[in-house]
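As structure tokens, the structure follows; a few thoughts come after it.
None of the figures in this text is laboratory data; all of them are computed from the coordinates on show. This one's a predicted model, so the numbers in the text were calculated from it and none came from an experiment. Note that we place each Cβ from the backbone using ideal geometry, even for glycine, and neighbour counts take in every protein chain shown.
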Amino acid sequence: MDDIPPYPPIDPTTFDLIVIGTGLPESIIAAAASTASKSVLHLDPNPFYGSHFSSLPLADLPSFLSSHSTSPSPPRSPSSDDPNEFSLLEFATRPLYSSIDISTFSPNLLDQHSRKFNLDVAGPRVLFCADKSIELLLRTGTNQYMEFKSVDATFVGDNKGNLWSVPDSRAAIFKDKSLGLVEKNKLMRFFKLVQGHLAGEQDVKISEEDLQSPFVDFLNKMGLPPKIKSFILYAIAMADYDQEDTGVCRDLLKTKDGIDQLALYNASIGRFQNASGAFLYPIYGQGELSQAFCRRAAVKGCLYVLRMPVTALLVDKDTGCYKGVRLASGQDIFSQKLILDPTFKVTLPLGSSPPLPLKEKLPFFSLKDDKGKIARGICITKTSLKPDISNFLVVYPPRSLFPEQVTSIRLLQIASNLAVCLPGMFVLYISALCNDDDQGKKLIHAVMNTLLTVPLDSESNAAVQSETAEIGSAVQDETSESSSGGPSDSGEEKPTLLWSALYSQELTLGQVDFICSTPMPDGKLNYNDLIDTTFKIFQEIYPEEEFFPETSLENPEVDGDASPET
Amino acid sequence: MHGRPRKAPKPEDEAASSAKAQKLRALQTQFFTFHHNKIYTKEAVELSAKLLEINPESYTAWNYRKLAVEHYLNLPDCNPDSIKSVLDDELRVVENALRQNFKSYGAWHHRKWVLSKGHSSIDNELRLLDKFQKADSRNFHAWNYRRYVAESMKRSEQDELKYAEDMIYTNFSNYSAWHNRSVLLSALFEKKAGGFLLKEKVLPEEYEFIHQAIFTDPDDQSGWFYHLWLLDQTVTTDSPLLASSWPGHGSDVLLVGDRCYNGSAFSPFSALHSDSGSFPIVLYFNQPVGGVNSSTVTVECGFNKNEDLFWKPLSASNSQTARVWVAHLKVPSSDLHSTVEVSVGHSKGIISTRGFVYSHPSMFSFKVHVQPMERDSSQVSVAENISLREENFKVYGTQSEESIIDSFDQLIIKNGHETTASNWRFEALAKEIECFRELLSLVDCKIGKLTLARLLKAYDAMSYPFANKLVHSEEVLELYSDLMKLDPTHYQFYKDEHSIVLLQKVTSSKESLLQHCFQYKDSASSAICDPICLRLNNLSLSRMGAFEKLLWVQMLDLSHNELQSIEGLEAMQLLSCLSLRNNKLRSLTTLEPLRKLKSLRILDISYNQIGDQSIDTTRYVCSSPLSHSVGSELNRDETVTSDVALINNWEAFFIFKDFNLNQLDIVGNTIADEKFKSVLVKIMPKLKQLDGKLLD
């Protein structure tokens, strides 16, 4: 990354579409546009695919995060003798990550094998077996470039370190040891009601009034006990915010949406014969997805240039319309359309007034969105959080770890059998929505302290310890008396933390405007919302074109082919 | 397989199937030629394989292959290698056939046959089964074969239990897996394997396990099915027990020559009119048993030799097992006061149909008083006309109540050894009752109600000997009434259960029983004192039950009920007068139990539905179709009769020829026309009165 490669000239110099950044939304648009016979140039300043959706070696992750954590002063315009017909608008980068906190507890081991790690920048993330990403992969044949494995189970965690399996299916309810008989009956009847509703059975139809009401009210109306409500809301419907506290809930789930989530979950279980759970995870990490769509685009003629920074936007002096981009090599490339990675923003040259049309649009473009942040954490351990099972999801519902916790915290453990780390190791991805960095840190630390032993002899760990002492101490005391019926054996040692990276990420939304900009990874577990946004952006720039028309199928493959390896 | 909707055939499917049929026909013709000429060449055998691959149901082809295998194995140059290759070929053909049709009986049977030759690896079979059972976890052929394989491999029941459990965890809607679990547990109980020594430890865990399935999905029947097995395991004592007898222990039997007896100190439950010079001893067991004879049951009395007693099973079928056994003691015609001691099971030999030995020997004794006849009995009988009309009944007088109270307790036998052993059974039942009350408070569920009814009934039956009352009978009756409304398709089943519970309730206490006891007093009767009639009329009974408490009954009024069958009535050996007037009996064959009642003299079957249907459907659904029992008794000499009327009414002939009736009412049945009546008179020459008319 350090040595600047010589920039080869790009030929041709005019394209239908230039896409900057190889994150998942950009890659999908590049593939869709190429499929629609557009000429596409796909650039990335990074030497790897995936941008903010990439999976990186252990040593590269901190540098990637920190390179996007500050807003460097815009580079001087390389040349001032611009051709007269264009104005130059220089790109600036946004600070997207903050409070980056890397702790290493066993430096030798990890440094030697840095390349054996594929750490997701936007973790935790999974694919539901029946979600939009899987549909898209199958429809476009992109699945041929990837392999998946099943994430075997979902658990709900508590502040005592117990992991309770989520009774998410008939068989799981039957097998569950934590639910009472009455709870089992109520939960199964609720599932049947939802299934009947979805199947269109008249006698079990959920009324329109109920569908428009908050999901939590509907669950109350069904008489479901708190434990089951929590399972449904946070571990199956994957609600982000505390649904029972309207004061803090920014995203109150409607019954209709809750039921759609349940339907998605239900359709995901058992969709593929060799996937036991509802979720899939790609071998070599989530970065594979972006890469797979890039390959798909390349097959259709998209031109790829990595390690190619762009410096400025070329706009028509008179009309203010977009014309092209200037590359770091100094070459100007022209296109009708441009898609920008959320990293970049356009700054107006000081003192010069922009052309009229541009002036009107720019405020929208640079509008700072106030969607809060997401705190992410990556931990590496040598032992699984749960014996006998290596790949699984854990959800900590709001208020499950401490009273002020208003968002769900999700944790995904991925083992070396998915080629993301050294054999025998485990990568834990943790995330939670938050208002600011401090709140985010507190959420991530709460989970770490509940589940992990954090060694004291770290170089940069002092802050972590002090900050979490208040939460941790209470938790530590209770672990010993955790109920014997609990799935986690209280007698066992907690896994020891080897390495961790904690950071906050801005939740920048995609924008469709003067120039289209793609969104940052969101706080969801899957890609459904991102794919929706991506589709909208594509429609905006190519309203006449179909988004991956059915006829584009080169390899008409049956469902089963997308199924993971066993 | 399950849950896959059937699609309507498309035209191209039909074309394909006719092409297949054509191909099959050609193959078949060729195959039969080989088969008939006993040609077992390689080519011929391969052709049969091809045929089976298309149609695994071709039994002839499987049999042909068996013959071919035998042929090869008997060749002189046959060696272990060639045997193995021949048998491996067979296994391959079966496997291909099973891929075509997983449910082919012939294919599975052929595989068993090949395996039984003992040259093939059995481990391989288990792997194959794992594959097949993963594809269709409920297929009972595969489970059946699995039991065979597990047994041949001597695989432990515990391992198989684990396998079945895993399958249940994958999907608990699996009758086959639950069934296999019950089979394996039974085997472990029997072996008294480690951890399975005590039912009282294992069964509560099993209940806990099945609750998970039932509560998760009460609509799924496989769980209930297993629960029923558990209930049976809880309720049924392994060893059969003597439930009641006639005469009862400690009772005084008065035998009089005519219907009159002197001295009201004798209970109606034990006074008996006998004109045959003998009286029966009836043993009523709690489950069907075999092996009752003069060595397993000894009767000691001064006037009969034990070895002379002949014990006869009383069952609908002619098997040698029954719940009720009877022997007749001959009595001398002189005055007699003697004690009779009966000991049951002191020497081994009584075995239940489930294979358990009668292991709780019991003894009862009673006194016999014989009063010789005072008058010429024939004179009395001629004038006798019993008419069970309302005005002829009188509420049973209180004067003899005391004696009834004493003798009521003699009606059943209390087995003291049950008390200690049954505590866990009580606890298990009580827990189940509580559990299903909770389920029913959550959901309205037919099978849940039925199960609760069964549980309550079982609990009552178990606690009756100690509590002397049926605490839950009202609730059980209500549950069954509810079920009749909720589930009309099974109305008759619930109705039958309802009837039996009602009868148990009636017979459960002396007070309720007395309410149904009436004194028969016909103003026209010449008898000096009045017999007691048990009146169970107008109770809308569809079935009879509670026989163990009714062995003493001599006069029974079942009129105005909804009886379709009188199964079990053969246990009431003392019955001399029976009214079945106004019921729903549909055929003469339903009267079969009456053939075993040797003392029955007066029978009223008027106003039933006998003859309404020309075809007697009960013949095919009853547990005792006449076609089974009668054929075996057929005496050629008797049937060779020139009387056309008898030949045309052979059912009536077989039923009534064994009757010893004086009086019969049959009016109000379709069958009872004048011609039929004349046939009846011919069959029963002793009949004195038919439909109220005296016969010459």
**Item:** Peptides ranked, highest mean first, by Cβ atoms within 10 Å: ranges B:114-124, A:442-452
**Value:** A:442-452, B:114-124
**Item:** Karplus 3J(HN,Hα) series, Hz, for the range B:509-521 with 6.51 cos²θ - 1.76 cosθ + 1.60 (x for Gly, Pro)
**Value:** 9, 5, 4, 5, 5, 4, 4, 9, 9, 10, 8, 8, 9
**Item:** Gain upon complete extension [residue B:225, residue B:312; 0.36 nm per residue less C-alpha separation]
**Value:** 27.8 nm
**Request:** State the dimensionless ratio Rg/Rh of the range B:423-503 (Rg: radius of gyration of Cα atoms; Rh: Kirkwood radius).
**Result:** 0.98
**Request:** Per residue of A:184-195, count partner chain C-beta atoms within 10 Å of its C-beta, then hand back the mean as an integer.
**Result:** 3
**Asked** Gain in length, residue A:212 to residue A:383, computed as 0.36 nm per residue apart minus the alpha-carbon separation, to one decimal in nm?
**Response** 57.1 nm
**Asked** According to a simple spin-label model (label point 7 Å from Cα along Cα-to-Cβ), what is the distance in nm between residue B:657 and residue A:59?
**Response** 10.7
**Asked** Straight-line reach from residue A:116: which lysines have Cα under 28 Å away, leaving out those fewer than 8 places along the same chain?
**Response** A:149, A:382, A:386, A:441, A:494, A:524
**Message:** Cut-off is 10 Å between beta-carbons; in what order do A:421, A:249 appear when sorted fewest neighbours first?
**Reply:** A:249, A:421
**Relative contact order [Cα under 8 Å, 6+ residues apart], the range A:169-268, whole percent** = 27
**Request:** Give the order of B:357, B:326 when sorted by the count of other beta carbons within 10 angstrom, beginning with the fewest.
**Result:** B:357, B:326
**Complete:** Whole-Hz Karplus couplings 3J(HN,Hα) for the range A:401-413, θ = phi - 60° and coefficients 6.51, -1.76, 1.60, Gly and Pro as x, run 9, 7, x, 8, 6, 9, 10, 6, 10, 10, 10, 10, 9
**Asked** Once the principal axes of the Cα atoms of the range B:20-197 are found, what is the range along each, listed largest first in whole angstroms?
**Response** 58, 39, 22
**Fill in**
Given backbone amide H placed at 1.01 Å from N, residues whose amide H is under 5 Å from that of residue A:153, ignoring those fewer than 5 places away on the same chain, are A:393
**Complete:** From fewest to most C-beta neighbours within 10 Å, the residues B:50, B:191 line up as B:191, B:50
**Asked** Could you give the dipole magnitude of the range B:47-185 about its Cα centre, charging the beta-carbon of Lys and Arg +1 and that of Asp and Glu -1, in debye to the nearest 20?
**Response** 280
**Item:** Under the Karplus curve 6.51 cos²θ - 1.76 cosθ + 1.60, θ = phi - 60°, whole-Hz ³J(HN,Hα) for the range A:38-47, x wherever Gly or Pro sits
**Value:** 8, 8, 10, 10, 10, 10, 8, x, 7, x
**Asked** For residue B:320 and residue B:674, what is the calculated FRET efficiency with R₀ set at 30 Å and r taken between the beta-carbons, to the nearest 0.05?
**Response** 0.10
**Message:** Tell me whether the range A:169-268 comes out rounded, prolate or oblate; compute the Cα gyration tensor, take square roots of the eigenvalues as a ≥ b ≥ c, and use a/c under 1.5 as the rounded threshold.
**Reply:** oblate
**Item:** Cα-based reach from residue B:495 at 28 Å (exclusive), listing lysines while leaving out same-chain residues under 8 positions away
**Value:** B:431, B:446, B:449, B:457, B:469, B:485, B:505, B:510, B:549, B:584, B:596
**Message:** 5 Å is the cut-off here: which amide hydrogens, built 1.01 Å from N in the peptide plane, fall below it relative to residue A:345, excluding neighbours closer than 5 in sequence?
**Reply:** A:92, A:93, A:94
**Prompt:** Say each of residue B:694 and residue A:67 gets a label point 7 Å from the Cα, pointing the same way as Cα to Cβ; how far apart are those two points in nm?
**Reply:** 12.6
**Request:** Treat each spin label as a single point 7 Å out from the Cα along the C-beta direction, and report the residue B:193 to residue B:232 distance in nm.
**Result:** 2.0
**Chain lengthening between residue A:199 and residue A:182 when straightened (0.36 nm per residue, less Cα-Cα)** = 3.6 nm
**Asked** Based on the Cβ-Cβ distance from residue B:153 to residue B:562, what FRET efficiency comes out when R0 is 51 Å, to the nearest 0.05?
**Response** 0.40
**Request:** Return the FRET efficiency for the residue pair residue A:11, residue A:316: r is the Cβ-Cβ distance, R0 is 30 Å, and the value is rounded to the nearest 0.05.
**Result:** 0.80
